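Quick note: the coordinates plus some simple rules give every number you see, no bench work behind them. As the structure is a prediction and not an experimental result, all values here were calculated from the model. We place every Cβ from the backbone using ideal geometry, glycine too, and count neighbours over all the protein chains shown.
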There are 2 protein chains.
Amino acid sequence: MEHDDMKQEKLERSAIDSQLAGLAGWSLDDGWTSISKTFKFASFVEAFGFMTKAALVAEKLNHHPEWFNVYSRVEVKLNTHDAGGLTELDFKLAKAMDKAAGQID
Amino acid sequence: MEHDDMKQEKLERSAIDSQLAGLAGWSLDDGWTSISKTFKFASFVEAFGFMTKAALVAEKLNHHPEWFNVYSRVEVKLNTHDAGGLTELDFKLAKAMDKAAGQID
């Protein structure tokens, strides 16, 4: 993953849990190094519309997802490669993606 | 994968080889049921620009890829689920993707 110009600090487990508590549907991997979520839509157009919104946010944050799409499903994985784990940027992007998917305001 | 309204016929190996001969960089899986290619770009913006062009073609063809993106790399897999293999639609989309990537005119 790319990172912001400002070096991001790897979050401790307690900070990760706190951030996750504010999100719905995101899973933490066993090593606490990434979060993942599968988004489901009604059509390819809706799925790709979501991806387009998310891509614009990702580029603005200079922090990009790993993602897989087939038809109406988008599987997303976020982490901060340079920090060797999760940083605040991942949670910022996660929230923006939930918003892009219309799941939060 | 989605398919066109017209039922697509599964291609025989000889027809697949003939179609593949007209493409560059696409690999056939062992069971001859899908073709794959990894596209590499200079940036996320270029990669997602490619995906956007390809998405519009896919929607028009009503035939959609399986694809994975991380930063400047896009991994694509094409097949026609309903035909249980490869059809002309897959090669039509493959050519459109090569075009979207600026690799052919």
Once phi for every residue in region B:62-69 is put through the Karplus expression 6.51 cos²θ - 1.76 cosθ + 1.60 (θ = phi - 60°), the whole-Hz ³J(HN,Hα) values, with Gly and Pro written as x, are 6, 9, 10, x, 9, 8, 10, 10
Label point 7 Å beyond Cα along the C-beta direction, distances from B:Ala24 to other copies (nm, shortest first): 4.9
Beta carbon of chain B nearest to the axis of the rotation taking B to A, residue and angstrom distance: B:Phe68, 2
Run the label-point distances for B:Thr52 please: 7 Å along Cα to Cβ, every other copy, nanometres, shortest first. 0.8
Placing the label point 7 Å from Cα along the Cα-to-Cβ direction, what are the distances from A:Gln103 to the equivalent spots in the other copies, shortest first, in nm to one decimal? 3.3
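Can you tell me the relative contact order of chain A? Whole percent, Cα pairs under 8 Å, sequence separation 6 or more. Intermediate results must be reported in sequence, preceding the final value.
Numbers: 160 pairs, mean separation 39.2, N = 105.
Dividing the mean separation by the residue count of chain A yields 37 percent.
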If one compares the long axis through the Cα atoms of helix A:44-61 with the longest principal axis of the Cα atoms of chain A, the angle in degrees, nearest 10, works out at 30 degrees
Using +1 at the C-beta of Lys and Arg and -1 at the C-beta of Asp and Glu, which of B:Gln103, A:Gly84, B:Gln8 has the Cα lying farthest in the positive direction of the dipole of the protein assembly as shown? B:Gln103
Give a quick list of trypsin sites (Lys or Arg not before Pro) in chain B that DSSP marks as loop, anything other than H, G, I, E or B, with at most 10 other Cβ atoms within 10 Å. B:Lys7
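Averaging the inverse of every distinct alpha carbon separation and then flipping it gives the Kirkwood radius. What is it for chain A, in angstrom units?
Details: mean 1/r = 0.0728 Å⁻¹.
Hydrodynamic radius (Kirkwood, Cα pairs) of chain A is 13.7 Å.
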Which distance in Å, rounded to a whole number, links the C-alpha centroids of region B:11-36 and region A:79-105? 38 Å
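Can you tell me how much longer the chain between A:Asn62 and A:Glu9 gets when fully stretched, taken as 0.36 nm per residue apart minus their C-alpha distance, in nm with one decimal?
17.5 nm
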I need the phi-derived Karplus couplings for region B:73-83: 6.51 cos²θ - 1.76 cosθ + 1.60, θ = phi - 60°, integer Hz, Gly and Pro marked x. 10, 10, 9, 10, 10, 10, 7, 10, 3, 5, 9
Between helix A:88-100 and chain A, what is the angle of the helix's C-alpha long axis to the longest principal axis, kept within 0 to 90° and rounded to the nearest 10? 20 degrees
By the Kirkwood definition, with r running over pairs of different Cα atoms, the protein assembly as shown has a hydrodynamic radius in Å of 18.2 Å
